[in-house]
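Working notes, beginning with the structure itself.
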Amino acid sequence: MRRGPAPKPAAEASRQWQNRIVGEGEEDPTQLLANPQNWRIHSWQQQKALGAVLDEVGWVQRCIVNKRTGHVVDGHLRVALAISKGEKVPVVYIDVSEDEERLIVATIDPLSAMAGTDEEMLAALLGGVETKDEALDQMLQALMGDAQNAALKDEPADNESRRESNERDLGDRKAQVKPVIYVDEIAVFERALRATGEVNRGKALITVCNAYLQNAKGQFDIPTEGYAPLESLVRT
């Protein structure tokens, strides 16, 4: 890896960032040049999932093309899918040198991947997403499962640090009950919790259970004697 020039003095480094965008438009994807430095490999599953999003929603982000070299800088898979569909590609043109182009290609995806994840927020978001496409649904369900598993692993060890780090207090760790939810059931589970309006997930689950018991009166032989109220089983 080549090392760049030494850092510039603070006064010079604080200047405004250059706007390297020089235009926008639509292009025939067969006329766009794949970047010879593109290092990304797109799996069949990713191709199917992205194609499904484009079918359901359409274009929401332009591909990036370097006007100086003609190379695609970002959006190779979208260009390939557009070729297979016979569609034009919305593009944004930038004007950068070949060295700058290499820097962008090397960092644009890894920089996005450096962002952290709020697993509970992601799980709640995914719980409200619906799609009719099987490949896209499988991807969303896999993301949901990963988010749920990560949220369980990342729970703080003591009450004080938990309350300081997250307002959604899960209660005494020793008194927690963790149900096993299969991947294909997580979306329904999350929608039910969100429908209660409760921030605390334990309270939300109890609300769902109480609503079910109230609606099920007379339909099932549900014993009540000898059982503590549901609310007493969850500490908040």
What pairs come out if I take residues in segment 27-48 that are touching a residue at least 12 places away in the same chain (Cβ under 8 Å) and pair them with residues that are part of a loop (DSSP other than H, G, I, E, B) and not charged (D, E, K, R) whose C-beta lies under 6 Å away, six or more apart or interchain? Leu33/Gly70
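Could we say that Leu103 is at pLDDT 95 or above, over 30 Å from Gln138 (Cα atoms) and assigned to a helix (DSSP H, G or I) here? Can you show your working first?
Details: at pLDDT 95 or above: yes; over 30 Å from Gln138 (Cα atoms): yes; assigned to a helix (DSSP H, G or I): yes.
Considered against the rule, which asks whether it is at pLDDT 95 or above, over 30 Å from Gln138 (Cα atoms) and assigned to a helix (DSSP H, G or I), Leu103 comes out as yes.
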May I ask you to say which residue of Met139, Met121 is hydrophobic (A, V, I, L, M, F, W, C) and either more than 30 Å from Ala192 (Cα to Cα) or surrounded by fewer than 13 Cβ atoms within 10 Å (Cβ to Cβ) (or both)? Met121
Could you please let me know if Ala52 is in a helix (DSSP H, G or I), over 30 Å from Glu198 (Cβ atoms), in contact (Cβ under 8 Å) with a residue 60 or more places away in the chain and of a type outside the set (Lys, Arg)? yes
Boolean, Leu32 is surrounded by 16 or more Cβ atoms within 10 Å (Cβ to Cβ), under 20 Å from Lys85 (Cα atoms) and over 25 Å from the mean Cα position of the chain (by Cα): yes
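The values are calculated or read from the model by the stated rules, or taken from the named source; none is laboratory data. None of the values given here were measured: they were computed from a predicted structure. All Cβ positions, even for glycine, are placed from backbone atoms using ideal geometry, and neighbour counts span all protein chains on display.
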